[in-house]
Every structure is written in C-alpha cells, then in structure tokens.
Amino acid sequence: MSEMSDRLLRGYQAQEKRFVERRFPLHFAPENPVIRELYSQSKGLRWNPVKDIAWNRLDPAAHDAPVREAARLVWSRRAWGVYPGLGESTSLLLRFCLESGSVGMDAKLLLSFRPAEEAKHLEACYLFADRLGGYEAEPGHEAIVRASNHPFAQMALDPDVPLEAFVAALGCLDDQLDLNLTLSHLQQSHGEVARQVLRLIAGDKQRHVLFAWALLADRLPRLAPERRPAVAAAVRDMLEGVILAGYRNTWLLPAGAGERLLAAEALVAERGLGASTAEQEQAVVRATLAQVRERLATWDIVLPHVTHPALGRA
C-alpha cells in the first residue's frame with residue numbers, strides 16, 4: 001500500500017471512530033418546512049435527460065465545423081464541473097446520517113435526491129457534447145485538471161470541519177455562483193435545445209441553493225461560538241483558493257491554460273449554444289460575491305473583498 005493510500009485509510013478509520021450512527025427511533029415529522037417543501041418539489045419535478053430533451057431538434061449540420069468543435073468542448077468542460085457533485089452530495093448525506101442521529105430528516109430526504117439530479121446534469125452535458133462531435137473526456141492541460149479537482153467530498157466527512165462551514169462554502173458560495181452562471185448562459189442562448197437543457201439544470205440548481213441557505217439559517221445561530229470562525233475561513237478559502245483559481249470560470253485559470261476554452265466559449269456564446277462571454281461572466285461573479293457577502297453578513301460571517309487581475313476588486 002502506498003504512503004498516500006495508507007494515510008487516507010487511517011484518516012477514514014479515525015473518522016469512523018468519531019462518528020457513531022444513532023439510528024432509532026426514526027422521526028419523519030417535518031422539522032424545517034422550507035427544506036421539506038424543497039424535497040416535495042424534487043419528488044415532483046423530475047426529468048429524463050434522454051427522453052425529455054428535444055435532441056432531434058439539435059442539428060449538427062446547421063453549424064459549421066468550428067462552432068461544433070467549440071460547443072462540444074464547452075459542454076464537455078461543463079460535464080467536468082458537474083461530476084464532483086456526485087461524491088460531494090453523497091458525502092454530505094453520509095455526514096448528516098452519522099452526525100445527527102435520528103433528527104434532520106428533511107435534509108436527509110432532500111440530499112437523497114441530489115446525487116441523482118447531479119447525474120442527470122452530467123448526462124445532459126455529455127449528450128450535448130456527443131451530438132456535436134463527441135464528448136472530450138479530459139482537459140488536456142494540467143492546470144485545468146488541478147483547478148477541477150478538490151477534496152470536497154473528504155471535507156464533508158471531516159468532523160473537524162463544522163457541517164455549517166461546508167454548507168456555507170460549497171452550497172451558499174459555490175452553488176450560488178454555479179446557479180447564477182447557468183442563468184447567464186440561459187439568458188444569452190437562443191438555441192432551442194441549449195435553452196431547454198440549461199432551464200432544466202437551473203431548476204434543480206435553484207433547489208440546491210435554496211436548501212443551502214435554508215439549512216444555514218437553521219443551524220448557524222445554534223453553532224458554538226468557538227466553531228464559527230471555521231465557517232468564515234471555509235468561505236474565504238473557497239473564494240480565494242478555488243473559485244479565483246478557475247474552478248468555474250475559464251478566464252480565471254492561470255495564463256496559458258485556458259486559451260482554447262476561452263475561444264470556444266466566446267464562439268458558443270456568439271452562436272447562442274449555451275455559454276456567456278468572459279465579460280458577462282465577470283459581471284456575474286461580481287454580483288454573486290456581493291449577494292453572498294450581504295447574506296452571510298446577517299450571521300456576522302465575513303466574505304472579504306478580493307482583488308484579481310482578471311476581475312478587479314470584488
């Protein structure tokens with residue numbers, strides 16, 4: 001066994017000893033009406049990425065070769081960004097089950113749906129890319145690989161990280177930015193199939209974001225004072241170490257890493273096939289940071305202003 005594998009195994013074993021599931025009695029009475037309503041919506045608002053999207057109306061021959069190549073790359077990149085959510089959502093569900101015993105059923109029920117919704121988003125992005133020339137399975141540049149890979153699933157299971165810190169960083173900041181970017185792509189698109197896919201994905205993402213804010217509003221006021229600084233630290237680290245490193249936005253990648261993707265996104269945005277220009281995304285990032293900063297300030301959680309060469313002060 002390698003040193004890294006041995007360290008991971010020992011870490012998981014230590015976590016297992018600290019988490020002891022208390023399963024009974026099971027309580028199904030609603031505890032958080034907002035989250036229970038979001039769960040009810042998840043049960044009813046279901047869609048099939050194969051059957052419920054009008055793929056027959058996406059005609060590759062209607063677009064010249066450079067546009068097809070650009071679109072397949074953009075939608076492949078989107079799939080790379082969706083994939084981590086499968087593990088992150090499942091890990092958060094496990095954390096709830098192991099940490100909260102028989103309470104918190106509303107969150108557990110909702111989180112049981114989220115991996116399936118992430119899987120639909122992943123499949124829809126793959127199918128879009130596939131129909132325009134073929135899904136691209138890997139970024140081809142090490143900087144993009146690094147920007148796309150972060151141990152968020154492990155973070156969700158780390159008992160030293162308050163659950164509220166994970167939800168604030170991943171749900172309230174990153175998921176909010178992801179939703180706002182998706183809505184921007186939808187607004188800029190006029191291709192029928194691109195709009196349909198983005199609209200369906202945005203509907204699910206909106207529930208994910210509302211869940212995060214509702215959960216934080218419920219739990220954060222009850223969090224022990226000595227653990228509250230960890231929430232602010234997690235949000236700051238997400239912003240400075242992940243988002244500003246290009247996790248969501250190609251124009252934030254290191255110089256030389258994203259030129260091919262940037263050109264593809266500009267062309268796809270111009271042709272209305274499901275993207276925004278760099279300038280449009282910059283406006284979305286600035287507005288999202290202001291939005292999240294204001295909401296977190298309600299609980300005295302500070303999201304600092306940052307200055308970045310590609311973004312300015314935000």
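Each residue of region 217-233 is assigned a 3J(HN,Hα), and the resulting list reads 4, 6, 9, 4, x, 9, 6, 4, x, 6, 9, 5, x, 5, 5, 4, 5 Hz, derived from the Karplus form 6.51 cos²θ - 1.76 cosθ + 1.60 (θ = phi - 60°), x at Gly and Pro. Working ranking of peptides 204-217, 45-58 by packing, defined as the average number of other Cβ atoms within 10 Å per residue, highest first, is 204-217, 45-58. Given axes a ≥ b ≥ c from the Cα gyration tensor, I'd like to know whether region 186-314 is rounded (a/c under 1.5), prolate (a/b larger than b/c) or oblate. Oblate. Post the alpha-carbon centroid distance, region 116-138 to region 194-257, in whole angstrom. Centre-to-centre distance over Cα atoms comes out at 22 Å.
Charge dipole (Cα centre; +1 on Lys/Arg Cβ, -1 on Asp/Glu Cβ; no other charges) of region 93-134 amounts to roughly 20 debye. For K108, the accessible area of its heavy atoms, probed at 1.4 Å with every protein chain present, is near 20 square angstrom. Principal-axis analysis of the Cα atoms of the chain puts helix 105-131 at an angle of about 20° to the longest axis.
Modelled spin labels at S112 and Q187, positioned 7 Å past Cα toward Cβ, are 3.7 nm from each other. Between L262 and R46, the FRET efficiency from the beta-carbon distance, with R0 = 25 Å, is close to 0.10. Here is how the number arises for the chain: DSSP H runs of 4 or more residues each give -39500 (n - 2.57), the sum is divided by the residue count, and the result at 222 nm is -19500 deg cm²/dmol.
The values are calculated or read from the model by the stated rules, or taken from the named source; none is laboratory data. Please read all numbers here as calculations on a predicted model, not as lab measurements. Ideal geometry is used to build each Cβ from the backbone, glycine not excepted, and the neighbour counts take in all protein chains shown. The area values use the complete protein model at the heavy-atom level, side chains included, leaving out ligands, DNA and RNA. Shrake-Rupley method; radii C 1.70, N 1.55, O 1.52, S 1.80 Å.
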